[in-house]
Amino acid sequence: MTAVCELPTVRLVDPSFAKLLAMVFGSGLSMYLLTSVVPLYLAANGAGGIGAGLSTAAMMFSAVAVELLVPRILARWGYRVVLGLGLVLLGAPALVLLATASLPVVLAVCVVRGAGLAILVVGAVALVADLTPAARRGEALGVYGVAVGVPAVIGLPLGVYLTHVIGFAALFVLAAVASLAGLAALVGLPAKAGAEEQHVQVLGGVRRSGLLMPSLVFAAVTVAAGISVTFLPLAVAAGKQSMVATALLLQAIAAPLARWVAGRYADRIGPAKLLAPALLFAAVGAGSLVFLPSPVAVLVGSTCFGIGFGAAQNLTLTLMYSRVDRARYGQVSALWNLAYDGGWGLGAIVFGMVVSGVGYPMGFALTAGVVALAVVPAVRASAA
């Protein structure tokens, strides 16, 4: 008989990766518990829709600014120190909200938390690429996406629901603890970034390396994501908040599942071929929010958007990593997160400014149009 030799299976989730997943779970819970709650907190204290949009925009634009610096900071100080700083900046400022609902103070808290978020997301995604084998990177990013997405499943609807059960103050404490507890998971993570990491300018060579298209396409989807989680709780009648919590729950469940499934198939057939269908799901989901009086349209639309958004997260990031060498992993992580947070913040602030003039249904229709436009370059990429 002829002996059959099988290649050894590479272990995907080793102890370091498991600790990273635990850390991002806690920090993600801290973020998502307050994502829809801070706008509600401001609205309850007289800041209105503009204040709600500004709070989301302040956090995300702060994240964008800091993300440009994170690759260089990682190269200098290493993963452990930098990720620890991110956990503190994301968690501790939530306690300030116990003392005041003043718009300037709340916006300052959002700015500091945005800096912590930037450090965590860029550092964590770069570390995933550093810790996992290239042949299974799509799946690894999918697993990471589940660890990031499960807090959204819990935090987005739970935050809105608990405002009526335990109040804002208890939620602010819970968000702080969730992030700061992640400090315990840092022990055992690599101290330094990969030896081959270079000081590549985040925006340098974007067009030549093929990173521009997936960055812009993903930004179009995150515009819609920022709008949905910020304004859906404000767009429906006060008596339908349980329906909003359910819609956010369905969106939050669909996104990490789609992110994981997309990662598995992207490793086999390539991420570019799956990107256009993902964007179509997102566009249909965003467009369904036009029919706000219909609970079925809102629930189905939120689910469709979650599928498209989650798949687009994995596919764009996997596509970007496939186009560069290891020395530019930090740049890819920063660019992708710039698209994430920049689109999220831009969508929230622009929507907040125009919705008073056009109304929520028209605003959601325009949002769907932005996502639909991104399908064109995605189709071209799949045919290349």
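The values are calculated or read from the model by the stated rules, or taken from the named source; none is laboratory data. As the structure is a computational prediction, the values presented were derived from the model and not from experiment. Neighbour counts are summed over all protein chains in view; Cβ atoms, including those assigned to glycine, are modelled from backbone coordinates with ideal geometry. For accessibility, only protein heavy atoms count, side chains too; no ligands or nucleic acids. Shrake-Rupley method; radii C 1.70, N 1.55, O 1.52, S 1.80 Å.
The residues of the stretch 65-101 that are over 19 Å from the mean Cα position of the chain (by Cα), more than 15 Å from P190 (Cβ to Cβ) and among the charged types (D, E, K, R) amount to a single one, R72.
Conditions tested, residue by residue: (1) within 21 Å of the chain's Cα centre (by Cα); (2) farther than 19 Å from V375 by Cα.
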{"site": "F218", "(1), (2)": "yes, no"}
{"site": "V236", "(1), (2)": "no, yes"}
{"site": "V244", "(1), (2)": "yes, yes"}
{"site": "R259", "(1), (2)": "yes, no"}
{"site": "K273", "(1), (2)": "no, no"}
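Whether a residue is buried (at least 19 other Cβ atoms within 10 Å of the Cβ) and over 20 Å from L20 (Cα atoms) was assessed, and A43 does not pass this test.
The rows are residues; the columns are (1) within 24 Å of M60 (Cβ to Cβ); (2) open to solvent by 20 Å² or more (accessible area, probe 1.4 Å); (3) of a type in the set (V, I, T).
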site: D267; (1), (2), (3): no, yes, no
site: L279; (1), (2), (3): yes, no, no
site: G285; (1), (2), (3): yes, no, no
site: V300; (1), (2), (3): no, yes, yes
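If you scan the stretch 169-215, which residues turn out to be closer than 26 Å to R113 by Cβ, modelled with pLDDT under 60 and either β-branched (V, I, T) or assigned to a helix (DSSP H, G or I) (or both)? Answer for the stretch 169-215, where residues must be closer than 26 Å to R113 by Cβ, modelled with pLDDT under 60 and either β-branched (V, I, T) or assigned to a helix (DSSP H, G or I) (or both): just V202. Just so you know, in the stretch 339-355 the residues that are under 15 Å from the mean Cα position of the chain (by Cα) and surrounded by fewer than 24 Cβ atoms within 10 Å (Cβ to Cβ) include one that is nearest to L69 (Cα to Cα), and it is G342. Might you check whether a residue that is modelled with pLDDT of 85 or more, within 16 Å of L103 (Cβ to Cβ) and assigned to a helix (DSSP H, G or I) occurs anywhere in the stretch 65-77? The answer is no; no qualifying residue exists. When the criteria are applied in full, V105 meets the requirement of being surrounded by fewer than 19 Cβ atoms within 10 Å (Cβ to Cβ) and either touching a strand residue (DSSP E or B) at 6+ places or on another chain (Cβ under 7 Å) or not in a loop (DSSP other than H, G, I, E, B) (or both). Checking each residue in the stretch 359-378 for being open to solvent by less than 70 Å² (accessible area, probe 1.4 Å) and either touching an Asp or Glu at 6+ places or on another chain (Cβ under 6 Å) or over 14 Å from V221 (Cβ atoms) (or both) picks out G359, Y360, P361, G363, F364, A365. When the criteria are applied in full, L292 fails the requirement of being surrounded by fewer than 23 Cβ atoms within 10 Å (Cβ to Cβ), at pLDDT 85 or above, touching a helix residue (DSSP H, G or I) at 6+ places or on another chain (Cβ under 8 Å) and not aromatic (F, W, Y). Residue-level analysis places R259 among those that are open to solvent by less than 10 Å² (accessible area, probe 1.4 Å) and of a type in the set (K, R). Taking the numbered list (1) touching a Pro at 6+ places or on another chain (Cβ under 6 Å); (2) modelled with pLDDT of 85 or more in turn, L90 passes all entries but (1). Counting residues in the stretch 143-155 that are modelled with pLDDT under 80, more than 19 Å from the chain's Cα centre (by Cα) and either in a helix (DSSP H, G or I) or over 21 Å from L33 (Cβ atoms) (or both) gives zero.
So the check is Cβ under 8 Å with 6+ separation or different chains; which pairs have a first residue in the stretch 77-103 that's under 18 Å from M23 (Cβ atoms) and a second one that's of a type in the set (K, R) and surrounded by fewer than 17 Cβ atoms within 10 Å (Cβ to Cβ)? Pairs found: G78/K192; Y79/K192.
If I ask for residues that are outside any helix (DSSP H, G or I) and touching a residue at least 40 places away in the same chain (Cβ under 8 Å), which ones from the stretch 41-64 would you list? Selection gives N45, A47.
G159 fails exactly one of the following numbered conditions: (1) surrounded by fewer than 24 Cβ atoms within 10 Å (Cβ to Cβ); (2) out of contact with any Pro (no Cβ under 7 Å at 6 or more places or on another chain). What is the number of that condition? Single failed check for G159: (1). In summary, V261 fulfils each of the numbered conditions (1) part of a helix (DSSP H, G or I); (2) modelled with pLDDT under 85 with the single exception of condition (2).
Within the stretch 294-323, if we keep just the residues that are more than 22 Å from the chain's Cα centre (by Cα) and not small (G, A, S), the residue that is nearest to A235 (Cα to Cα) turns out to be P295. Kindly establish whether G123 is more than 29 Å from A43 (Cα to Cα), in a helix (DSSP H, G or I) and open to solvent by less than 10 Å² (accessible area, probe 1.4 Å). Here the answer is yes, as G123 does meet what is asked. Scanning the stretch 309-328 for residues that are open to solvent by 20 Å² or more (accessible area, probe 1.4 Å) and of a type outside the set (A, V, I, L, M) yields a total of 5.
Of L335, L274, which residue is modelled with pLDDT of 85 or more, of a type outside the set (S, T, Y) and in a helix (DSSP H, G or I)? L274 is the lone residue from the list that is modelled with pLDDT of 85 or more, of a type outside the set (S, T, Y) and in a helix (DSSP H, G or I).
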